[in-house]
Amino acid sequence: MLLFCPACGNVLVAEEGPRCHRFACTTCPYVRNVTRKVSSRKYTTASKPPLNGEPCPKCEHPRAYFMQIQTRSADEPMTTFYKCCNAQCGHRWRD
């Protein structure tokens, strides 16, 4: 969790003070003492992956989900992974 200084807008750093833990700004004298446990969670919702017209080599279904990941060095092309849209098949392959 990031906290920002209300005076100058910089990120506050956590440090241990003389009597308690606190968040302090490195550019101005702002200090915020920690009086309770500080935590937060944020859950993201998964969106549907993109579709393409690549036919499944196993069941010949005309559509598949795909994602691209850089699996090798940066000067190599990305690897494309596919998953068949047919619920009974679900075959996975890569290009």
Query - Exposed chymotrypsin sites (Phe, Trp or Tyr not before Pro) absent - longest run of the chain, DSSP non-H/G/I/E/B, at most 16 other C-beta within 10 Å - result: 44-95
Query raised in the report: What number, in percent, do you get for the relative contact order of the chain if the mean sequence gap of Cα pairs under 8 Å and at least 6 apart is divided by its residue count?
Result: 14
Query raised in the report: What list of ³J(HN,Hα) couplings, whole Hz, do you get for the stretch 80-88 from phi and the Karplus terms 6.51, -1.76, 1.60, once you set θ to phi - 60° and write x for glycine and proline?
Result: 9, 9, 10, 9, 5, 6, 5, 4, 6
Requested in this report: Mark the label point 7 Å from the Cα of H91 along Cα→Cβ and return the residues of the stretch 57-84 whose backbone N is within less than 14 Å of it.
Outcome: 57-65, 82-84
Report task. Could you pull the Cα extents of the chain along its three principal axes, largest to smallest, in whole Å? Result -> 68, 34, 21
Query raised in the report: So what's the net charge close to T79: Lys and Arg +1, Asp and Glu -1, counting the other residues with Cβ under 13 Å from its Cβ?
Result: +1
Query raised in the report: For the stretch 39-95, treating each Cα as an identical point scatterer without solvent, what Debye log10 I(q)/I(0) comes out at q = 0.26, 0.28 1/Å?
Result: -0.99, -1.07
Report summary line: The long-range amide H neighbours of C28, using H built 1.01 Å from N in the peptide plane and a cut-off of under 5 Å, are none
Query raised in the report: Considering only Q68, H91, T26, whose Cα is most displaced toward the positive end of the charge dipole of the chain, charges sitting on Cβ of Lys, Arg (+1) and Asp, Glu (-1)?
Result: T26
Query - Neighbour-limited loop hits for GluC sites (Glu not before Pro), the chain (at most 11 other Cβ within 10 Å; DSSP other than H, G, I, E, B) - result: E60
Report task. Would you mind computing, in nm to one decimal, how far apart the modelled labels at E16 and S40 are, each placed 7 Å from Cα along Cα→Cβ? Result -> 2.6
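Each reported figure results from applying straightforward, stated rules to the coordinates on display, with no laboratory input. The shown structure was predicted, so the numbers you read here are calculated from the model rather than taken from an experiment. All Cβ positions, glycine included, derive from the backbone under ideal geometry; neighbour counts span all protein chains shown.
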